[in-house]
Amino acid sequence: MNHAVALSGVSHAFADSIALRSIDLTVSEGVRIALLGPSGAGKSTLLALLDRRLSPKGGQAYILDKPLVQKEKTSRSDHADVGFIFQEFALLDRLSVYQNVMNGRLGRTKGWSSHWLSLRGRFDAQDHLIVARALADTGLSDLAHRRADQLSGGQRQRVAIARCLAQEPRLILADEPVSNLDPTRAADLLALITSRATQDKTTVIFSSHQPDLAQRFSDRVIGLRDGAILFDRPGSQVTASDVSQLYDGFPPETNLRVVGA
Amino acid sequence: MTRHLIWVLIGGAILWAGFSADIGTDKLGSAAPRLGNFLARMFPPDWSVWPEILKGLLETLRIAILGTFFAVLLSAVLGVLAAEALFPGYIWRPVRSGLAIIRAIPLIVVAMLMVGSVGLGPLPGILAITFHATGMLAKFYAEAIDNVASGPVTALQSVGASRAQQLRWGIWPQMAPVILRDTMFRFELNLRESLVLGIVGAGGIGLYVQTYVRSFQYDKAAAVTVAIIVLVLLSEAISVKLQNKMK
């Protein structure tokens with residue numbers, strides 16, 4: 001069926017709150033999706049679930065045509081097929097940029113010997129090639145041997161993206177990947193992440209607070225509120241009233257302008 | 001009101017200590033010239049004993065090295081067991097309590113017990129240092145494990161890294177500098193503390209301090225003391241240098 005994501009009636013709850021309410025969602029391969037919604041809408045929960053770090057409390061979920069099972073039972077290659085760009089970057093501060101990006105290859109080691117070599121910091125020529133390309137794509141080649149804790153916020157953001165690209169995932173998930181950046185840089189990086197969708201049919205799902213960016217870099221915008229899907233339509237059809245409904249009752253700074261509305 | 005009471009208590013404690021101890025004013029008075037006489041007999045230090053000094057210092061160094069080595073091995077096991085992040089409370093709590101008890105026993109007491117059980121020489125010294133240092137080092141290791149940030153480890157899990165890879169590339173890079181620093185700190189302490197082990201017969205340079213003072217050869221004791229001071233300052237300087245290098 002070639003669906004990157006197929007959810008039916010998926011719900012999730014934490015001890016004190018319901019995070020997702022009966023979500024139905026199908027995403028074809030190579031499509032770019034933006035998740036829009038206020039804080040606490042369930043964006044991060046949905047993304048963590050798609051990353052197989054949470055299991056649904058109800059409903060059925062298929063990710064890259066494989067059922068979502070308990071995370072303990074998820075195979076390494078299934079994890080490797082889904083890349084995640086963390087909001088807080090989640091880098092190893094004392095390691096070099098190069099090794100941080102190489103960490104993206106860890107899920108791809110096959111067999112005992114290459115696994116053993118990876119523990120000793122030795123990787124295949126192929127891995128080095130892929131890392132070099134990810135560094136070049138993110139403009140980090142010159143910083144490859146810098147330690148991660150010696151970078152600016154924007155540079156760290158790019159390392160997190162490069163690690164995800166080096167992973168060569170079929171599905172890229174990004175939790176507010178540009179929330180800490182100025183508008184120009186934000187647009188550049190979103191362009192970089194979503195370009196993988198057109199290049200090699202990678203599916204991209206990112207969450208954002210910014211309706212204009214969400215519309216510009218996606219094929220579909222999904223509005224989430226209180227753990228439920230409020231709307232799901234192409235970015236060009238998202239109206240100002242959709243957005244104001246989404247953010248109704250939330251502080252005005254999250255209620256940003258809509259392109260072309 | 002309570003503040004006055006505290007001052008009265010402090011003053012009372014000092015008076016009680018002073019009057020009940022056998023240090024009358026007459027003794028205090030005569031102590032000064034005797035101390036001066038003692039110091040005069042220490043000078044000039046008699047460096048003819050340098051072969052003994054060297055032998056003693058090297059033995060102390062060996063005790064500190066082996067004691068630290070075995071303490072590291074023990075702490076690697078106990079530190080993991082004492083980590084809140086890895087084990088449930090019914091395991092780490094008793095382990096930590098045990099470590100606290102170990103820390104509460106002074107090294108010199110441990111050393112005397114070890115001499116009593118295995119006899120004189122460097123072996124009881126090594127055992128005492130191992131035992132004593134483990135109490136602190138295992139606690140430090142456990143804290144290093146507990147302080148590992150989970151974010152980067154989760155990221156590697158998400159990448160598809162195996163458990164071993166998560167340990168090597170997610171946990172170890174965060175822990176290694178802390179563990180190295182703690183171990184070096186403990187080695188420096190071990191070296192300092194093992195200097196006195198010889199006094200109770202547990203090997204090392206302390207034996208010579210003991211021997212020379214007991215036989216009234218204060219000039220030789222002075223030479224040993226100077227050698228100890230140099231060693232301590234040297235180890236401190238090296239330790240500081242290494243720590244600055246490892247930030």
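What the table below lists for this structure:
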{"item": "Principal axes of region A:92-169: Cα extent on each, largest first, Å", "result": "37, 23, 18"}
{"item": "Over the protein assembly as shown - Rg/Rh using Cα atoms and the Kirkwood inverse-distance radius", "result": "1.17"}
{"item": "Whole-number percent relative contact order across chain B, with pairs defined as alpha carbons under 8 Å at least 6 apart", "result": "28"}
{"item": "Peptides A:13-25, A:208-220 ordered by average Cβ neighbours within 10 Å, highest first", "result": "A:208-220, A:13-25"}
{"item": "Inter-chain Cβ neighbour average for residues A:79-87, partner chain, 10 Å", "result": "3"}
{"item": "Sequence-distant residues sharing a close amide H with A:I85 (under 5 Å, placed H)", "result": "A:L173, A:A174, A:D175"}
{"item": "Given charges at beta-carbon only (K, R positive; D, E negative), |dipole| of region A:92-169 in Debye", "result": "160"}
{"item": "Accessible surface of region A:92-169, 1.4 Å probe, proportion on carbon and sulfur as whole %", "result": "50"}
{"item": "Once the Cα gyration tensor of region B:91-240 is diagonalised, semi-axes √(5λ) in Å", "result": "41, 19, 10"}
{"item": "Shielding of B:147-157 by partner chains, average beta-carbon count, 10 Å", "result": "6"}
{"item": "Helix-derived mean residue ellipticity, 222 nm - over the protein assembly as shown, DSSP H n ≥ 4, -39500 (n - 2.57), to 500", "result": "-18000 deg cm²/dmol"}
{"item": "Beta bridges by DSSP in the protein assembly as shown, antiparallel share as percent, to the nearest 5", "result": "55"}
{"item": "Under Karplus coefficients 6.51, -1.76 and 1.60, residue-wise ³J(HN,Hα) of region B:144-157 in Hz, glycine/proline x", "result": "4, 5, 5, 8, 5, 5, 7, x, x, 6, 4, 4, 5, 4"}
{"item": "Translational diffusion coefficient (Stokes-Einstein; Kirkwood radius from C-alpha pairs) of chain A at 25 °C, 0.890 mPa s, in µm²/s", "result": "130"}
{"item": "Calculated FRET value between B:T2 and B:A32, using beta carbons and R₀ = 35 Å, to 0.05", "result": "0.35"}
{"item": "Positive-pole candidate from B:I91, B:V196, B:V109, dipole of region B:48-245, charges at beta carbon", "result": "B:I91"}
{"item": "Surrounding net charge for B:A144, when Lys and Arg each add one and Asp and Glu each subtract one, Cβ distance under 13 Å", "result": "-1"}
{"item": "Percent of alpha-carbon pairs separated by more than 15 Å within region A:187-247", "result": "50"}
{"item": "Surrounding net charge for A:D232, when Lys and Arg each add one and Asp and Glu each subtract one, Cβ distance under 10 Å", "result": "+1"}
{"item": "Most to least packed among B:53-59, B:4-10 [average Cβ atoms within 10 Å]", "result": "B:53-59, B:4-10"}
{"item": "In Hz, Karplus ³J(HN,Hα) per residue of region B:60-68 (6.51, -1.76, 1.60; θ = phi - 60°; x = Gly, Pro)", "result": "4, 4, 5, 4, 5, 5, 5, x, 5"}
{"item": "Alpha-carbon Debye profile of region A:1-155, log10 I(q)/I(0) at 0.18 Å⁻¹", "result": "-1.18"}
{"item": "Förster-model FRET efficiency, 30 Å R0, A:Q199 and A:D24, C-beta, rounded to 0.05", "result": "0.55"}
{"item": "Förster radius 30 Å - calculated FRET efficiency between B:A237 and A:N180, Cβ distance, rounded to 0.05", "result": "0.10"}
{"item": "Of A:G153, A:G121, A:P177, farthest towards positive along the dipole that unit charges on Lys, Arg, Asp, Glu beta carbons give region A:50-189", "result": "A:G121"}
{"item": "Antiparallel DSSP beta bridges within chain A, percent to nearest 5", "result": "55"}
{"item": "Average beta-carbon neighbours from other chains, 10 Å sphere, peptide B:171-183", "result": "1"}
{"item": "Lys, Arg +1 and Asp, Glu -1 on Cβ, resulting dipole of chain A about Cα centre, debye, nearest 20", "result": "760"}
{"item": "Cross-link pairs A:K57/B:K139; A:K43/B:K139; B:K139/B:K241; B:K55/B:K139; A:K73/A:K201 - those with Cα-Cα distance over 30 Å", "result": "A:K57/B:K139; A:K43/B:K139; B:K55/B:K139"}
{"item": "Whole-Hz ³J(HN,Hα) from phi, Karplus 6.51 cos²θ - 1.76 cosθ + 1.60, for region A:215-228, glycine and proline x", "result": "5, 5, 10, 9, 8, 9, 10, 10, x, 10, 8, 6, x, 10"}
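The values are calculated or read from the model by the stated rules, or taken from the named source; none is laboratory data. This is a predicted model, so every value here is computed, not measured. All Cβ positions, glycine included, derive from the backbone under ideal geometry; neighbour counts span all protein chains shown. The accessibility values were calculated without ligands, DNA or RNA, using every heavy atom of the protein model including side chains. Shrake-Rupley method; radii C 1.70, N 1.55, O 1.52, S 1.80 Å.
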